[in-house]
Amino acid sequence: MFPFLTILVALPAVGAAVLWALPASARSRAREVALGVTVIEIVLFAIMALQFDKGDAGAFQFSETYAWIPQIGTSWALGINGIGLLLIALSVILTPLAILAAWREDKDVKARRDYMALILVSLSFMVGIFAARDVFLFYVLFEAMLIPLYFMIGRFGGLQRRYAAVKFLLFSLAGGLIMLVAVVALYFAGPGGEQAFLTDGLTGSLDLSVGQERLMFLAFFLAFAIKAPMVPVHTWLPDVAETARPGTTALLVAVLDKIGTFGMISLCLVLFPEAAQWAAPGIIVFAVISVIYGALLAIGQRDMMRLVAFTSVSHFGVMILGIFAFQQTSIEGAALYMFNHGLSTGALFLLVGFLVARTGTADVEAYGGLQRVVPVFAGTFLVVGLSSLSLPGLSPFVSEIMVFVGAYPVAAVAVIISAISVVLAALYILRTYQRVFTGPVPEPVPAVRDLTLRERLVAWPLIALMVLLGFAPGVAIDYLREPSADVVAQVTIEEAGA
């Protein structure tokens, strides 16, 4: 079988190496080279996706397994089910758009080359993590991903970028190091051998006491909750959003943070089903707190980047609620929400970035009346904002309804409280739109240009996908039904066995 996944992981890394090897005379072409690499990545992914069997979406397809470090049981093992396919699709869609969004940000050609190379390295890790079938390989990529992100935040951004980068790194490393203890413990609790860390081999075969399973679950869950981000380990996100470049934040929140919820589904629930059931009531409580707390803090923000960051805290709370309700519809909705949230929030971060690039400030109070000055920008922002508040007809609505409907039979109170976020979302989105785009035009009239062709090429494809999946969600749900059913079956079997 053609090694699609290995090539999709390797291609961006090779592209980054090529960028760093460019002679000084060719560095000005770094953007074109990086964009070209991501276009090739999209083409290869599209060829692979057309061969994906939707009728067997719960099974790992395009599987590759090669011995890596047999002495400790690790393998280069890749494969994707329907959930992994959609998240890799999100990665390859948003990365070239982030490159286009950053097209004019660096005058210095060396800085431009370095930033583009770091984006490509991040793409390589994204694809690898969503395709990893070996827990040790997943962990290595999970931790190594911090390297490009640290430099993307700490080198390219605002005045507090180093503080934000260190805070992000410390939070992530703390969770990762705790998870490492559980990863090592898996080797001794599993079947062992040269492929001791394969997820398939570990599922249902761990020799653990109740206490050991719960401790290992908590170790994995903490690392994923930090990444998600979930209250109370979310505080790194608004600082990063405020100071990092919009493209960096868009990739981080729209794609990379999905590693947290993806890990909860593909590792926490599958490897530790009894512990997941034990922890679910408490996790649902914190998920609901995240939903309401994130929305309330978003309402009170003046900085638009921090506002969007807090909306994501709220949205991730909905995803986690759906995951730990253990219902097929709620898990399907949470998985679909990962993709749809990436579209809407990625677009929102990039649009705010375009606005800040024009005026030099993210302060809501500095604006007013821009609808008359930049009508296309205003209309585009409104549609993206409405998707963020889950307006019917746009894709996040379907995801949110599926989570609430699916979770209601087992967590009615949590769903009722979380549904308040729908009203709060309307407040923080429409209030922001009103303050920035409506009302009288300030005097003198700001010299702000409307969306350029390049910026429309960034935002409008994402809107098109939101509309498509808003009216035809089955295009994506068909890939999620079987893997969600498999996860529910694994947890249910454990419950029946108990």
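Structure above, values below:
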| quantity | calculated |
| --- | --- |
| The stretch 291-354-the stretch 11-68 distance, computed between alpha-carbon centres (Å) | 27 Å |
| Given (i) 1.43; (ii) 0.96; (iii) 1.49, the label whose value is Rg/Rh (Cα atoms, Kirkwood Rh) derived from this model | (ii) |
| Fully extended contour minus Cα-Cα distance, from Ala59 to Ile40, at 0.36 nm per residue | 4.2 nm |
| Extension gain from Val475 to Gln160, taking 0.36 nm per residue of separation minus the Cα-Cα distance | 109.2 nm |
| Neighbourhood net charge (15 Å Cβ-Cβ; Lys/Arg +1, Asp/Glu -1) for Ile69 | -2 |
| Net lengthening on full extension, Phe2/Gln434 (0.36 nm per residue, minus Cα-Cα) | 150.3 nm |
| Dipole magnitude (debye, nearest 20) for the stretch 4-497, charges at Cβ of Lys, Arg, Asp, Glu | 1900 debye |
| Folded to 0 to 90 degrees: helix 135-144 orientation relative to the chain principal axis, Cα | 30 degrees |
| Along the chain, longest interval not containing exposed GluC sites (Glu not before Pro), exposed being DSSP loop plus at most 16 other Cβ atoms within 10 Å | 195-498 |
| Positive-end residue, the stretch 25-151 charge dipole about Cα centroid, Cβ charges, pick of Ile99, Phe130, Gln51 | Ile99 |
| C-alpha center-to-center spacing [the stretch 415-490, the stretch 211-249] in angstrom | 23 Å |
| Degrees between helix 210-227 axis and first principal axis of the chain (Cα, 0 to 90, nearest 10) | 20 degrees |
| Between 0 and 90°, nearest 10: helix 375-388 axis offset from the chain longest Cα axis | 20 degrees |
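Laboratory data are not the source of any read-out in this text; all were calculated from the coordinates shown. In this text, all values refer to a predicted model and were calculated from it rather than measured experimentally. We place every Cβ from the backbone using ideal geometry, glycine too, and count neighbours over all the protein chains shown.
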